[in-house]
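Quick notes on the structure that follows.
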Amino acid sequence: MGSAEKGSVYGARPLRWGVVATGRIAHRVTRDLACLEDAALYAVSSRSAASARAFAEEHGFATCYHDTAAATGCQQLFADPLVDVVYIATPHAQHFEVARAALDAGKHVLCEKPLTINAGEARELTRLAGERGVFLMEAVWTRFLPATRRALELAGSGAIGTVRWVQADLGFPAVYDPADRLWDPAAGGGALLDLAVYPLTWAVAALGFPTRLTAAGHLNQDGVDVQNTLTLEYPEGAAAQLTSSLSSAGPGMATLAGTAGWIRTGSPLYRPKSLEICGLDGSIRVEEFPEETEGFIHELRETARCIRAGLQESPLMPWAETVQMMQLLDEARQQLGLQYPNDV
């Protein structure tokens with residue numbers, strides 16, 4: 001893990017944040033950013049001047065920028081020497097272009113999941129971050145939540161014996177709209193990149209990366225996956241079965257099953273606020289994790305901690321795991337026949 005040369009220059013002053021894009025997820029994350037102990041809401045960028053201005057006024061940003069181009073519209077924000085770190089909330093297919101421009105400008109980057117469309121793009125971003133000496137992290141917020149960390153602590157301690165299988169699902173019936181990013185191939189739409197990251201996060205965190213992945217699913221007339229099931233196989237018979245869907249609602253839970261019991265998350269599994277822990281005697285105890293914020297504050301706090309410590313990557317979300325996760329998704333897409341313009 002490298003050290004960012006800029007890590008010691010901030011002193012006690014707040015880190016000045018820039019936010020790229022003004023969609024729903026940007027609003028949610030920014031509400032938590034405003035609660036962060038050492039953050040200053042400095043700049044926001046959008047392709048729309050009206051959106052940038054409205055977002056800045058709603059959340060109290062000091063300034064705003066706009067341009068009609070997807071990535072070059074961020075260049076004014078990236079050129080601003082007062083911006084320390086940027087949070088990228090654009091559609092999936094724009095992540096690589098925008099993050100590359102930010103890293104080239106020497107900015108620290110927190111980028112929404114998935115970091116990129118494919119593993120090749122992810123490798124290029126981590127290479128560039130290493131070369132520029134700046135921090136880069138994929139914003140898989142579930143990894144940083146207290147309930148997630150507690151579940152993995154219990155599983156790792158042997159509280160449920162050796163974990164042998166994981167089952168996880170996430171889905172909702174999304175109304176088909178070809179103009180919506182969820183259904184747009186050019187935006188990286190589909191259940192796999194938007195939802196499967198969360199079930200995969202639980203499986204990989206509990207069992208590690210598999211020796212084999214098998215994917216099955218259904219593509220619509222636009223070539224976007226509506227539903228998929230991933231089966232992960234491990235040495236000595238351990239396995240995971242994961243489902244993500246844009247056509248049906250499920251319980252939205254993750255179960256870690258071991259030789260001495262099981263752990264089940266509350267719903268939704270991407271933001272659990274409770275855990276059920278069951279032993280071989282059948283007794284179940286519940287642990288609660290109340291949250292006063294949206295829950296994004298934990299990944300934001302880790303970003304700030306790493307930057308101040310001079311780290312280029314987080315030990316909780318290292319680059320190698322991000323790239324390996326993208327490789328799993330690439331393999332699943334190949335089996336499903338799912339392709340995006342970024343792949344060309």
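Just a few scattered comments:
- Restricting segment 121-177 to residues that are aromatic (Phe, Trp, Tyr) and outside any strand (DSSP E or B) leaves a set whose member that is farthest from Cys306 (Cα to Cα) is Tyr176.
- Of the residues examined, Gln94 is not one that is farther than 30 Å from Ser274 by Cα, in contact with a Phe, Trp or Tyr (Cβ under 9 Å, 6 or more places away or on another chain), in contact (Cβ under 8 Å) with a residue 24 or more places away in the chain and not small (Gly, Ala, Ser).
- Selection within segment 70-128 - hydroxyl-bearing (Ser, Thr, Tyr) and either open to solvent by less than 10 Å² (accessible area, probe 1.4 Å) or within 17 Å of Val44 (Cα to Cα) (or both): Thr72, Tyr87, Thr90, Thr116
- Arg31 meets each of the listed conditions (1) assigned to a helix (DSSP H, G or I); (2) buried (at least 17 other Cβ atoms within 10 Å of the Cβ) apart from (2).
- Check on Glu5, over 20 Å from Ala122 (Cα atoms), at pLDDT 95 or above, of a type outside the set (S, T, N, Q) and open to solvent by 70 Å² or more (accessible area, probe 1.4 Å): no
- Checking each residue of segment 212-235 against the condition of being assigned by the TED database to the domain that holds Asp281, part of a helix (DSSP H, G or I) and either modelled with pLDDT of 95 or more or surrounded by fewer than 22 Cβ atoms within 10 Å (Cβ to Cβ) (or both) gives at least one match.
- Residues of segment 40-56 satisfying the condition of being buried (at least 20 other Cβ atoms within 10 Å of the Cβ) and assigned to a helix (DSSP H, G or I): Ala52, Phe55, Ala56
- Some residue of segment 166-186 being open to solvent by 10 Å² or more (accessible area, probe 1.4 Å), of a type outside the set (Ser, Thr, Tyr), touching a residue at least 24 places away in the same chain (Cβ under 8 Å) and under 17 Å from Asp330 (Cα atoms): yes
- Among the residues making up segment 329-344, those that are among the aliphatic types (A, V, I, L, M) and either open to solvent by 20 Å² or more (accessible area, probe 1.4 Å) or more than 27 Å from Gly189 (Cα to Cα) (or both) are Leu336, Val344.
- All conditions in (1) assigned to a strand (DSSP E or B); (2) open to solvent by less than 10 Å² (accessible area, probe 1.4 Å) hold for Trp202, with the sole exception of (1).
- Residues of segment 133-154 that are open to solvent by 20 Å² or more (accessible area, probe 1.4 Å) and touching a residue at least 40 places away in the same chain (Cβ under 8 Å): Arg143, Pro146, Arg150, Leu152.
- Taken over segment 101-120, the criterion of being assigned to a helix (DSSP H, G or I), over 16 Å from Cys74 (Cα atoms) and touching a helix residue (DSSP H, G or I) at 6+ places or on another chain (Cβ under 8 Å) is satisfied by Ala119 alone.
- Scanning segment 297-311 for residues that are open to solvent by less than 10 Å² (accessible area, probe 1.4 Å) and either at pLDDT below 95 or more than 16 Å from the chain's Cα centre (by Cα) (or both) returns Ala304, Cys306, Ile307, Gly310.
- Yes/no for Glu294 being open to solvent by less than 60 Å² (accessible area, probe 1.4 Å), among the acidic types (Asp, Glu) and either without any contact (Cβ under 8 Å) to a residue 24 or more places away in the chain or touching a Phe, Trp or Tyr at 6+ places or on another chain (Cβ under 7 Å) (or both): no
The values are calculated or read from the model by the stated rules, or taken from the named source; none is laboratory data. Bear in mind the structure is a predicted one, so any value in this text is a computation, not a measurement. Note that we place each Cβ from the backbone using ideal geometry, even for glycine, and neighbour counts take in every protein chain shown. Ligands, DNA and RNA are stripped out before the accessible areas are found, and what is left, the full protein with its side chains, is counted by its heavy atoms. Shrake-Rupley method; radii C 1.70, N 1.55, O 1.52, S 1.80 Å.
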